[in-house]
1. Is it true that A15 is part of a helix (DSSP H, G or I), farther than 19 Å from A118 by Cα, more than 16 Å from the ligand (Cβ to nearest atom) and among the hydrophobic types (A, V, I, L, M, F, W, C)?
2. Please specify each residue of segment 29-77 satisfying the condition of being over 20 Å from A103 (Cα atoms), crowded, with 20+ Cβ neighbours inside 10 Å and hydrophobic (A, V, I, L, M, F, W, C).
3. For segment 13-41, enumerate the residues that are free of Cβ contacts under 8 Å to residues at least 40 places away in the same chain and more than 21 Å from K85 (Cα to Cα).
4. Do you know which residues across segment 25-43 are modelled with pLDDT of 95 or more, more than 14 Å from the ligand (Cβ to nearest atom) and not hydroxyl-bearing (S, T, Y)?
5. Residues being in contact with an Asp or Glu (Cβ under 9 Å, 6 or more places away or on another chain) and hydroxyl-bearing (S, T, Y): count how many of those fall in segment 1-50.
6. Look through segment 97-125, keep the residues that are among the aliphatic types (A, V, I, L, M), more than 9 Å from the ligand (Cβ to nearest atom) and outside any helix (DSSP H, G or I), and return whichever of them is surrounded by the most Cβ atoms within 10 Å (Cβ to Cβ).
7. Please enumerate the residues belonging to segment 73-129 that are farther than 23 Å from E50 by Cβ, in contact (Cβ under 8 Å) with a residue 24 or more places away in the chain, in contact with a Gly (Cβ under 9 Å, 6 or more places away or on another chain) and not charged (D, E, K, R).
8. Report, by residue number, each residue of segment 82-96 that is small (G, A, S), away from the ligand (no atom under 14 Å from the Cβ) and either in contact with a strand residue (DSSP E or B) (Cβ under 7 Å, 6 or more places away or on another chain) or assigned to a strand (DSSP E or B) (or both).
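The values are calculated or read from the model by the stated rules, or taken from the named source; none is laboratory data. Remember, it's a predicted structure, so these values are computed and weren't measured experimentally. Neighbour counts run over all protein chains shown; Cβ positions are idealised from the backbone, glycine included.
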Amino acid sequence: MAKFLILVGSMNGHALMAAKGAAAMITKLGHHSEIVMEHDISQLTCDKDEIILICSSTAHQGQVPDNIYPLYLGLDNQRVDLTGKYYGVIALGDSYFPPTQFAMGGKLLENALYSCGAKRIGDMALMDAQQVDNHALAAALWTQEWIAKVETFALADGQTKSEEAA
Ligand SMILES: Cc1cc2nc3c(=O)[nH]c(=O)nc-3n(C[C@H](O)[C@H](O)[C@H](O)COP(=O)(O)O)c2cc1C
């Protein structure tokens with residue numbers, strides 16, 4: 001069983017709905033998850049085996065939502081070493097906005113995690129409000145495929161590390 005920390009950035013709840021859909025799929029596939037709306041950078045390093053799932057919308061013309069901004073600042077300033085951590089990203093946006101701003105909230109967070117040494121598994125999920133009505137369902141379906149990649153890469157890698165340590 002793997003553990004997932006779902007970090008949500010949201011204004012009006014759509015990213016939270018996506019997070020709940022992802023969490024439901026994680027549970028269905030036999031893993032554990034925790035959804036967090038109020039963030040503290042120390043949460044990211046509490047459990048070295050926990051896999052991070054960012055689930056964030058885009059606000060303020062290409063910025064992260066206010067509730068995840070403090071975490072983003074901490075990551076962007078590289079205040080934490082995330083070497084050995086794995087993550088995935090669900091980025092919500094609206095293609096009504098220019099391409100340079102589209103889904104930038106998730107993209108900024110992905111870049112910040114990468115800068116801190118974490119490794120992304122799979123492609124980012126891009127959820128365009130012009131196309132997606134049911135964010136929970138869309139996130140659950142994406143998560144189903146993402147978990148298969150997590151099981152291939154992160155969990156296999158963890159097993160190798162345990163064997164080396166033994
Ligand atoms: C005030 C405001 C600003 C937004 N700015 C952007 C933006 O710059 N780029 C983008 O792709 N989407 C933008 N969006 C669209 C949201 O990211 C999108 O509707 C998302 O699904 C909202 O999810 P949330 O309710 O979890 O925040 C904006 C929406 C609002 C209400």
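1. No, not satisfied.
2. L44, I51 - these are the residues of segment 29-77 that are over 20 Å from A103 (Cα atoms), crowded, with 20+ Cβ neighbours inside 10 Å and hydrophobic (A, V, I, L, M, F, W, C).
3. From segment 13-41, those free of Cβ contacts under 8 Å to residues at least 40 places away in the same chain are 13, 16, 23, 27-28, 30, 32-41; that's our starting set.
Once the filter is applied, which keeps residues that are free of Cβ contacts under 8 Å to residues at least 40 places away in the same chain and more than 21 Å from K85 (Cα to Cα), segment 13-41 yields G13, L16, K28.
4. If the condition is that a residue be modelled with pLDDT of 95 or more, more than 14 Å from the ligand (Cβ to nearest atom) and not hydroxyl-bearing (S, T, Y), then M25, I26, K28, L29, G30, H31, H32, E34, V36, E38 are the ones that fit.
5. Going through segment 1-50 one residue at a time, the tally reaches 1.
6. So the residue we want is A125.
7. Passing the criteria: G93, F97, T100, Q101, F102, A103, M104, L126, M127, A129.
8. Hit for segment 82-96 is G88, nothing else.
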